[in-house]
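What follows is a set of notes on a single structure, which appears directly below.
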């Protein structure tokens, strides 16, 4: 079963060639092969090809790896598969191949030039070429030689080779254990604060920021399962707890569905001040986009579109909060800063309450998670809970409620800080927008617009 992986590299090809030709890994370079290049001058020939076609920038070479299931293939057959693959997919490229036998699983490395020898065309790698060409050819060659292949791959749930290898042997991975515990905690939780408490009682430390991170006690790094599965974002977990997780997982509905209250249509008011300036600037940007943007977006165009979207978001912010002048902006910022100060004070009070009972809360977690692993700490936790004089059920409820309040105030703080940042960006953009409009518009049109405002 070949697991393929391709890496784009911008360093000199000699770095990759020297790595894969390591004699200790290739039985003194016996398990090596070359295509369209000399064994002693491969890296230099790759650079000569680039110079001939004046394509010395960007990606210098690609590094393709084929990893096979342990005890399923011989080194000689692995090298033969690599050579056949190179002839079919990389016929016009300079390729250096080597099969490594220094690990339990045999794997082949292919270093090939990013520029074709005969045509000077550059090799382009993306998700479509990977699945329709690299993966397809590799799987076909495996079948032809009686090797197993991965059926019905799911690209959105990509695994590292180490994780795949552990799963193929029926061994659990940290990711699979964490996802299993997350699902169990979500099923048992009554609200988000209760979910955080349950994860702590399972032995995890929780990092509650813009993304939810989890790590077992003793681990160095946090894991962020929300990167691969939106069901494990804060919104996804809250939605699942509220009873709509099945619909989200099946794709019937998104995680959050806004339901704005119906308001009868009203005549659009005349824009003034900042709102009028943003409205006109968006109109100008829209005309430029419609007339001048090419069908295939360049990086510069993508940046311009992102700026356009930011301006549109800022315009909507000004319109929704009815801010049209500098004085109104200052009043709004002042009010928001007061709200932020109150929220920070509230969170400080909650953290103090949490700190006062930190030992009892930690004891609750230790009672649940350390029983089979650390009998001494488990016994100390049981003793502490028995001597505190507070029933365990009451303490659990208090901890769950406190965690829920902290989670809520943290979310409100993020939204308030986001609002203040939006105000700061608007104030910074106003002079630049005026300056750019002065260069885009004829002077008489600009004066007319100022008079109308």
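Here, each number is a calculation from the coordinates, and none is a lab measurement. This structure is a prediction, so every number in the text was calculated from the model and none was measured. Positions of Cβ are backbone-derived with ideal geometry, glycine not excepted, and every protein chain shown enters the neighbour counts.
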How large is Rg over Rh for the range 308-409, taking Rg from the Cα atoms and Rh as the Kirkwood inverse mean of 1/r across Cα pairs?
1.30
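Applying a 10 Å radius around every beta-carbon, put 70-79, 102-111 in order of their mean neighbour count, most first.
Values: 70-79: 16.6, 102-111: 19.8.
Ranked from most to least packed, the peptides come out as 102-111, 70-79.
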Principal axis dimensions, largest first and in whole angstrom, of the range 181-238 by Cα:
29, 23, 17
Viscosity 0.890 mPa s, temperature 25 °C, Stokes-Einstein D of the range 3-165 from Kirkwood C-alpha radius, µm²/s
152
Checking rank on 88-101, 198-211, with mean other Cβ inside 10 Å and highest first, the result is 88-101, 198-211
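Figure the gain on full extension for residue 349 and residue 387 (residue separation times 0.36 nm, minus the Cα-Cα span) and round it to one decimal in nm.
Details: separation 38, 0.36 × 38 = 13.68 nm, distance 2.58 nm.
Contour length minus Cα-Cα distance gives 11.1 nm.
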Mean Cα-pair separation over length for the range 3-165, i.e. relative contact order, pairs under 8 Å, 6 or more apart, %:
27
Taking Rh as the Kirkwood radius computed over alpha-carbon pairs of the range 44-137 and applying Stokes-Einstein at 10 °C with viscosity 1.306 mPa s, one gets a diffusion coefficient in µm² s⁻¹ of 112
At 20 °C and 1.002 mPa s, grab the translational diffusion coefficient of the range 97-138 from Stokes-Einstein with a Kirkwood Rh over Cα pairs, rounded to a whole number in µm² per second.
171
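For the peptides 322-328, 113-119, what is the packing order when you average, over each peptide's residues, the other Cβ atoms within 10 Å and list the highest mean first?
Numbers: 322-328: 14.0, 113-119: 19.9.
Sorting 322-328, 113-119 by mean packing, highest first, produces 113-119, 322-328.
With a cut-off of 8 Å between alpha carbons and a minimum separation of six or more residues, what is the relative contact order of the range 174-249 in percent?
Values: 80 pairs, mean separation 18.7, N = 76.
For the range 174-249, the relative contact order is 25 percent.
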Rounded to whole angstrom, the alpha-carbon centroid of the range 306-352 lies from that of the range 24-51 at a distance of 60
